[in-house]
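Have a look at the structure below, then the notes.
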Amino acid sequence: MDIRQQQHVNERDYVLFPWSVQSKVNPINIVKGEGIYFWDDKGNRYMDFASQLVNLNIGFNHPKVIKAIKEQAEKLCYIAPSFGNEARAKLAKKIVEITPSNISKCFFTTSGADANENAIKIARFFTGKQKIIARYRSYHGATFGAISVSGDPRRFAAEPALNGIIRVLDPYCYRCPFDKEYPQCHIECAEHVREIIQFENPDSIAAMIIEPITGSNGIFIPPVEYMKRIREICDEYGILLIADEVMTGFGRTGEWFGVNLYGIEPDIMTMAKGCNSGYVPLGIVAVSSKIAEYFEDKMLYCGLTYSGHPLACAAALATIEAYEEEGIIENARAMGNLLTEYLKKIKMNHICVGDVRNAGLFGCIELVKDRKTKEPLCPWNGSSAIMDRIKEELWNEGLYLYIRWNYIFLAPPLIINQQQLEEGMKLVDEKLHMVDKLIS
């Protein structure tokens with residue numbers, strides 16, 4: 001048995017794989033990554049159109065970040081969070097500088113899920129209230145509290161979950177739950193939230209948690225008026241607004257953060273993924289000055305062994321420097337504009353495409369069996385042989401992307417160039433011609 005075969009045996013015999021029926025797992029061993037590409041142990045190269053899990057914003061093996069990790073490891077690999085460390089202090093200051101003006105302090109975690117978990121706790125501590133509003137088509141992480149506020153069907157297995165969760169309908173313009181059409185709809189999806197708040201007793205609600213743009217449930221991009229109205233409604237009833245920027249943060253939408261697209265200031269922001277592109281696990285809870293001041297003379301009942309880990313913070317500082325020095329966010333905006341044009345052509349040329357949408361390099365192609373009825377090519381929370389075939393054939397041609405239900409997600413690293421984007425979109429376009437024939 002060679003080394004490659006032995007590793008495969010070890011993976012199957014000793015590793016529990018996430019979100020998987022274990023007997024069906026057959027992992028492909030990846031040995032190298034550079035830029036937007038990665039290679040398996042057979043030498044096959046793949047273009048990453050998913051940024052792995054929408055986290056690898058600066059691509060694989062960025063030299064600036066690797067250098068920062070090495071230098072920090074030689075100086076101080078770890079120190080308990082009760083001590084000060086230079087990397088954490090610098091990163092907190094930098095985060096406050098790049099976030100909206102009301103944000104003043106940061107609490108560090110190890111992932112997006114536990115960032116959301118701690119954001120919920122902080123909201124409850126600060127307000128003295130218990131209920132949390134969340135949307136049905138949402139995902140905030142897999143830990144108990146985070147999956148509880150997720151609408152994603154992955155929460156079903158964790159139920160009964162956290163008490164006090166209120167769910168509301170989504171700003172899903174293509175399939176408006178109120179059978180309206182923007183802009184004549186008067187943003188009923190936001191007024192619906194206000195009505196639910198009244199039904200649930202506003203004095204019992206601590207916060208509303210939302211993704212500025214819905215992520216793994218379909219890239220729903222709300223109208224600007226929706227987000228502004230949600231901010232107004234939260235203010236009206238003294239409810240905190242938590243913006244889950246785990247996917248949308250750090251340039252993914254062509255702006256530093258998703259909330260920048262709407263000109264609003266949340267009370268709490270959660271971040272992870274793009275903060276250091278996943279090079280070292282890190283999550284961030286950033287809070288407004290009024291929340292930070294509250295804890296000046298009250299206990300903050302939050303803590304993690306790896307909070308503010310020096311290696312993670314050093315990697316994040318270097319990543320943010322790369323964003324700024326290399327014009328990566330500007331590139332995401334420019335490539336996002338190109339992606340918009342490609343998507344318009346795709347919608348025009350394919351009968352299987354019901355809708356396309358993107359903000360920067362955060363995009364989605366929604367496939368349907370019939371444009372008039374909008375019947376999905378794959379049912380919600382279901383499976384489809386056609387969607388599986390698209391994914392398999394694109395993989396065999398060297399393109400890795402995320403496909404779920406009837407959605408093809410488009411979220412390449414923010415360093416992608418025009419030629420690479422065109423190459424990937426051409427492969428997607430070819431597969432859509434195949435789907436057109438299969439459904440016609």
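Read-outs: derived from the displayed coordinates by stated rules, not from any lab. A quick note: this is a predicted structure, and the numbers were derived from the prediction, not measured. Positions of Cβ are backbone-derived with ideal geometry, glycine not excepted, and every protein chain shown enters the neighbour counts.
For the reader, a short list of remarks on this structure follows.
- Listed pairs Lys67/Lys105; Lys228/Lys391; Lys24/Lys75 exceeding 32 Å between Cα atoms: Lys228/Lys391; Lys24/Lys75
- Placing a label point 7 Å from the Cα of Leu338 along the Cα-to-Cβ direction, the residues of the range 3-37 with a backbone N closer than 20 Å are 34-37.
- The chain: calculated mean residue ellipticity at 222 nm from DSSP helix runs of at least 4, using -39500 (n - 2.57): -12000 deg cm²/dmol
- Extension gain for Met348-Gln5 works out to 118.8 nm (0.36 nm per residue, less the C-alpha to C-alpha distance).
- If a spin label sat at a point 7 angstrom from the Cα of His192 along the line to its beta carbon, the backbone N atoms of the range 100-139 nearer than 20 Å would be those of 132-139.
- Separation of the range 17-72 from the range 151-192 is 33 Å, based on Cα centroids.
- The Kirkwood hydrodynamic radius of the chain, based on inverse pair distances between different Cα atoms, is 22.7 Å.
- Cut-off under 5 Å, modelled amide H: who pairs with Gly254 long-range: Leu361
- Value of relative contact order over the range 64-325, rounded to a whole percent, pairs C-alpha under 8 Å and six or more apart: 30
- Length gained on full extension, Asp370 to Phe156, computed as 0.36 nm times the residue gap minus the Cα-Cα distance: 74.1 nm.
- For the chain, the relative contact order works out to 20 percent when only alpha carbon pairs closer than 8 Å and six or more residues apart are counted.
- Vicinal HN-Hα couplings computed from phi for the range 160-177 (Karplus, 6.51 cos²θ - 1.76 cosθ + 1.60; Hz; Gly/Pro x): x, 10, 4, 6, x, 9, 10, 10, 10, 6, 9, x, 9, 4, 5, 10, 4, x
- Placing pseudo-labels 7 Å out from each Cα toward the beta carbon at Lys180 and Asn102 gives an inter-label distance of 2.4 nm.
- Whole-Hz ³J(HN,Hα) from phi, Karplus 6.51 cos²θ - 1.76 cosθ + 1.60, for the range 402-410, glycine and proline x: 9, 10, 9, 6, 9, 10, 9, 8, 10
- Placed amide H near Ile166: partners under 5 Å, 5+ positions off or other chain: Ile132, Ile133, Ala134
- Amide N of the range 239-280 lying under 16 Å from the label point, which is placed 7 angstrom from the Cα of Lys290 along Cα→Cβ: 239-243, 264-269
- Using the Karplus relation 6.51 cos²θ - 1.76 cosθ + 1.60 with θ = phi - 60°, the per-residue 3J(HN,Hα) values for the range 218-234 come to x, 6, 8, 9, x, x, 4, 4, 4, 5, 5, 5, 4, 4, 5, 5, 4 Hz, with x marking Gly and Pro.
- On the beta carbon distance between Lys426 and Ser204, with R0 = 45 Å, the FRET formula returns roughly 0.30.
- Arg389 versus Asp13: modelled label distance in nm, points set 7 Å from Cα along the beta carbon direction: 3.9
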